[in-house]
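K.L.:
Got a structure for you, written out below as structure tokens; questions coming shortly.
The values are calculated or read from the model by the stated rules, or taken from the named source; none is laboratory data. Worth saying up front: this structure is predicted, and the values here are computed from it rather than measured. Neighbour counts are summed over all protein chains in view; Cβ atoms, including those assigned to glycine, are modelled from backbone coordinates with ideal geometry. Note: accessible area is taken over every heavy atom of the protein model, side chains too, but ligands, DNA and RNA are not part of it. Shrake-Rupley method; radii C 1.70, N 1.55, O 1.52, S 1.80 Å.
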Amino acid sequence: MIVVKSREEIELMRESALIVSKTLGMLASEVKEGVTTLHLDKLAEEFIRDHGAVPSFLGLYGFPNSLCMSPNAQVVHGIPNNTPLVNGDIISIDCGAYKNGFHGDHAYTFEVGEVAPETKKLLQVTKESLYVGMREFKAGNRVEDVGNAIQKYTEGHGYGVVRELVGHGLGQKMHEDPEMPNYGKKGRGKLFVEGMVVALEPMINQGTRNIKQLKDGWTILTADGKPSAHFEHDVALVDGKPELLSTFAYIYKALGIESNEEDEFRKVPLVI
């Protein structure tokens, strides 16, 4: 069942989402060669708690850490460890924060040093597909309209769209209805309704869409060992249109990136 949020609840969710955004922005300056993912995880937990929130992932379904850290061929759900990042890596950092009774949950795939051009292209297309899908999250559309848009855009570049893992509704629980696949057929799935909040998160592989799981019970890998990219935003349906609750602006500020990609999804300009 879809849990509709009031305007007041959506604003509380924006606060939770922006704590995640600020956490990812802090980490953007720390993601570099020689740093371990376990160190980044500890920084994130401290930062989240310092901002009056609790890490959403820590203990969720038994997950042992505050961040899902998934480098290179890992798609999602990687467990932080003591292996240092190396030049040329990419790493998806998925973060959640719980405050005022609501979760924020989004992700960004970072580059470490000099990344291969074909990997940069994968990241670019995957991030672009997030906004392509977001434009279909509007009154009158259905769940698979979003997935169809993401699928067409990424498969058009020759990439594989993971089927087994999907986006989701978000609220007082980390995972609510509806599931938001990154593939689908136009006109299918649940109808979008005012006040919905979803986490859209394309997980796109450079090669095959097929995946496998490590024996740790968490880490998901591409079946062919090629890189995978993952970007995620929290979005509410407000006045029939997608309204971004999260932002990559803190990341871009840390990395010196100029971008207006989020502007069309905000009624009020974001002040950081």
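K.L.:
For region 45-75: of the residues being small (Gly, Ala, Ser) and within 27 Å of Ala116 (Cβ to Cβ), which is least open to solvent (accessible area, probe 1.4 Å)?
P.N.:
Ser70
K.L.:
Another question about this same structure. Identify all residues within region 78-94 that are of a type in the set (Gly, Ala, Ser), closer than 28 Å to Leu60 by Cβ and assigned to a loop (DSSP other than H, G, I, E, B); write none if there are none.
P.N.:
Matches in region 78-94: Gly78 only.
K.L.:
Moving on. Would it be correct to say that Arg14 is open to solvent by less than 50 Å² (accessible area, probe 1.4 Å), in a helix (DSSP H, G or I) and not hydrophobic (A, V, I, L, M, F, W, C)?
P.N.:
Criteria met by Arg14.
K.L.:
Looking at region 42-56 only, could you name the residues that are outside any loop (DSSP other than H, G, I, E, B) and either touching a Cys at 6+ places or on another chain (Cβ under 9 Å) or not β-branched (Val, Ile, Thr) (or both)?
P.N.:
Those that are outside any loop (DSSP other than H, G, I, E, B) and either touching a Cys at 6+ places or on another chain (Cβ under 9 Å) or not β-branched (Val, Ile, Thr) (or both): Lys42, Leu43, Ala44, Glu45, Glu46, Phe47, Ile48, Arg49, Asp50, Pro55.
K.L.:
Determine which single condition Leu170 fails, assuming it passes every other condition in (1) buried (at least 19 other Cβ atoms within 10 Å of the Cβ); (2) closer than 22 Å to Val125 by Cα.
P.N.:
Only one criterion in (1) buried (at least 19 other Cβ atoms within 10 Å of the Cβ); (2) closer than 22 Å to Val125 by Cα is unmet by Leu170, namely (2).
K.L.:
Sticking with this structure for a sec: Count, please, the residues in region 173-196 that happen to be open to solvent by less than 60 Å² (accessible area, probe 1.4 Å) and closer than 19 Å to Asp94 by Cβ.
P.N.:
Within region 173-196, residues that are open to solvent by less than 60 Å² (accessible area, probe 1.4 Å) and closer than 19 Å to Asp94 by Cβ number 5.
K.L.:
Can you tell me which residue in region 166-197 is nearest to Gly104 (Cα to Cα), limited to those that are out of contact with any His (no Cβ under 7 Å at 6 or more places or on another chain) and of a type in the set (A, V, I, L, M, F, W, C)?
P.N.:
Val197
K.L.:
Pick from region 147-167 the residues that are of a type in the set (A, V, I, L, M, F, W, C) and either buried (at least 21 other Cβ atoms within 10 Å of the Cβ) or without any contact (Cβ under 8 Å) to a residue 60 or more places away in the chain (or both): which of them is nearest to Ala199 (Cα to Cα)?
P.N.:
Val166
K.L.:
Are there strands (runs of 3 or more DSSP E) fully within region 186-243 with at least 3 residues that are in contact with a strand residue (DSSP E or B) (Cβ under 9 Å, 6 or more places away or on another chain) and touching a residue at least 12 places away in the same chain (Cβ under 8 Å)? List them.
P.N.:
Those strands (runs of 3 or more DSSP E) span 197-200, 203-205, 220-222, 228-230, 233-238.
K.L.:
Can you name the residue in region 95-146 that is of a type in the set (D, E, K, R), in contact (Cβ under 8 Å) with a residue 40 or more places away in the chain and part of a loop (DSSP other than H, G, I, E, B) and, of all such residues, is most open to solvent (accessible area, probe 1.4 Å)?
P.N.:
Only one residue fits best here, namely Arg135.
K.L.:
Filter region 239-272 down to residues that are over 28 Å from Val4 (Cβ atoms) and either in contact with a helix residue (DSSP H, G or I) (Cβ under 9 Å, 6 or more places away or on another chain) or open to solvent by less than 30 Å² (accessible area, probe 1.4 Å) (or both), then give me how many there are.
P.N.:
Looking only at that region, the number is 10.
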